[in-house]
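The structure appears below as structure tokens.
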Amino acid sequence: MDDNLIVLAKAGDEDAFEELYKKTWREVSPILKSRFFESICMDDIEDVFHDIMVKFLRNPLAVKAQTYKQFFNWVMMCCKNRILDILESKYNKSKVPLITMDEEGEETPFEIEDPYNLEDEFIKNEINEHILTEINKLDEVDRKIIMLLYNGYSQREISEQLGMAYDNVRQRKRRAIKKISSKIGWIL
């Protein structure tokens, strides 16, 4: 059924486009909000989505998607890229102007490099998301151990809190970290 929406919308069926718009918005909006909620308001996210869908409506054959999954991925990528462009133009200034006083008491303007890098921040968020996904796949005890470690508890404190032997906590921690790192391809 969803794949038919793509075919019908590409053929110019307005009802199919409207249904596709609503369905895609219901699925895209919570994901975009969860990824960018601290950086951009929901109205801006909705505007970006609307612009992407208008782009599809104006030239549906330019979008190569043949299935709903492909279409959804195209919309997500377009939205993510557009939001990153907005955030970059908003936050990623290469130089920050400052005014100081020189030795004679006169104001002297100068610029410093802004240390904030939006792309680095986005990559860190993506990495953290992947790590959390893998942590959530661990069994309950291992997940608790990793989360307690992450929150600054020592192995001794964790063993006391969970009522487990210190060596047992150490071994479970090591196995959990190994499991997580093998799934995401990095050595922690």
Residue-by-residue Karplus 3J(HN,Hα) for segment 19-25, coefficients 6.51, -1.76, 1.60, Hz, glycine and proline x: 5, 4, 4, 5, 4, 5, 4
Hz values of 3J(HN,Hα) by residue in segment 61-76 - Karplus curve (6.51, -1.76, 1.60), Gly and Pro given as x: 6, 6, 8, 6, 4, 10, 10, 4, 4, 5, 5, 4, 4, 4, 4, 4
nm² value of the averaged projected area, convex hull over the Cα atoms of segment 1-56: 3.9 nm²
Sorted peptide list for 70-81, 152-163, criterion being average Cβ within 10 angstrom, highest first: 70-81, 152-163
Model label zone, ASP51; criterion: amide N under 18 Å from point 7 Å along Cα-to-beta-carbon; scope segment 64-82: 74-82
Highest average packing first - 164-171, 61-68, Cβ atoms within 10 Å: 164-171, 61-68
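Any read-out appearing in this document is the output of simple, stated calculations on the displayed coordinates, not a laboratory observation. Since the structure is predicted, the reported quantities are computational estimates derived from the model, not experimental observations. All Cβ positions, glycine included, derive from the backbone under ideal geometry; neighbour counts span all protein chains shown.
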